[in-house]
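K.L.:
Structure provided below as structure tokens; questions to follow.
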Amino acid sequence: MPTKRPSRGTPAKIPVPATALDAQVILQLYELRRETEMRKARNFISAEFWPEAAEDTLRIARSYPSPENTWLRQVTSYWEMAASFVLRGALHEGLFFDASGEMYCVYAKFRPFLPEIRQKLPYFLLTVEKVILRTLEGRQRLERLERSLSRRRQKLAGRRAAVAATSAGFN
């Protein structure tokens, strides 16, 4: 990650290199993502769940116990935990940036609805948001993913419309 430009009279900030311990934490985070139930949760959030309003997320949050509720909590709490490692200095931010693209996708999916979601769930993806928005690289990555998700939403809407048109009301 680039260093900040020093202000007048302030020495340049020297980037701190990632350590072997940072790499180990990244590998452990990766292993957690590979667990069977976590894979189901990640698939649900990334491929199946496409909220169109805050209420779609809040409905799942209220549907305890259900697989969807469990999956939502599992994915969001996983990324909140991982982001907290960065915010609290336990994990190298640059290394985390390189290895956490999925977190940006998760956040981008919920971002349009966060003000409304946070009326009921005030801490929803708050730590993730802090990590993503704190660097220019993070904000740029988010913008790219938001454009990509927008195109994906449009394609899904087109498919739904095509299915609805051909099904003659028989879904």
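K.L.:
Taking the stated definitions as given, is Trp71 open to solvent by 30 Å² or more (accessible area, probe 1.4 Å) and within 14 Å of the chain's Cα centre (by Cα)?
P.N.:
yes
K.L.:
Being open to solvent by 20 Å² or more (accessible area, probe 1.4 Å) and among the polar types (S, T, N, Q): is that true of Ser84 here?
P.N.:
yes
K.L.:
Sticking with this one: With in a loop (DSSP other than H, G, I, E, B) and over 23 Å from Ala61 (Cα atoms) as the only criterion, which of Gly89, Gly94 stands out?
P.N.:
Step by step, each of Gly89, Gly94 is checked, and only Gly89 is in a loop (DSSP other than H, G, I, E, B) and over 23 Å from Ala61 (Cα atoms).
K.L.:
Select from the range 138-163 the residues that are of a type in the set (A, V, I, L, M) and either farther than 12 Å from Ala108 by Cα or more than 20 Å from the chain's Cα centre (by Cα) (or both) and write down the one among them that is least open to solvent (accessible area, probe 1.4 Å).
P.N.:
Going residue by residue through the range 138-163, those that are of a type in the set (A, V, I, L, M) are 142, 145, 149, 156-157, 161-163.
Then keep just the ones that are either farther than 12 Å from Ala108 by Cα or more than 20 Å from the chain's Cα centre (by Cα) (or both); that gives 156-157, 161-163.
Numbers: Leu156: 27, Ala157: 51, Ala161: 60, Ala162: 53, Val163: 86 Å².
Among those residues, the one meeting the criterion is Leu156.
K.L.:
Please determine, by comparing only the residues of the range 48-68 that are in a helix (DSSP H, G or I) and either of a type in the set (Gly, Ala, Ser) or within 16 Å of the chain's Cα centre (by Cα) (or both), which one is nearest to Pro112 (Cα to Cα).
P.N.:
This residue is Ala54.
The values are calculated or read from the model by the stated rules, or taken from the named source; none is laboratory data. Since the model is a prediction, treat every value here as computed from it, not as a measurement. Only protein heavy atoms, including side chains, enter the accessible area calculation; ligands, DNA and RNA are left aside. Shrake-Rupley method; radii C 1.70, N 1.55, O 1.52, S 1.80 Å.
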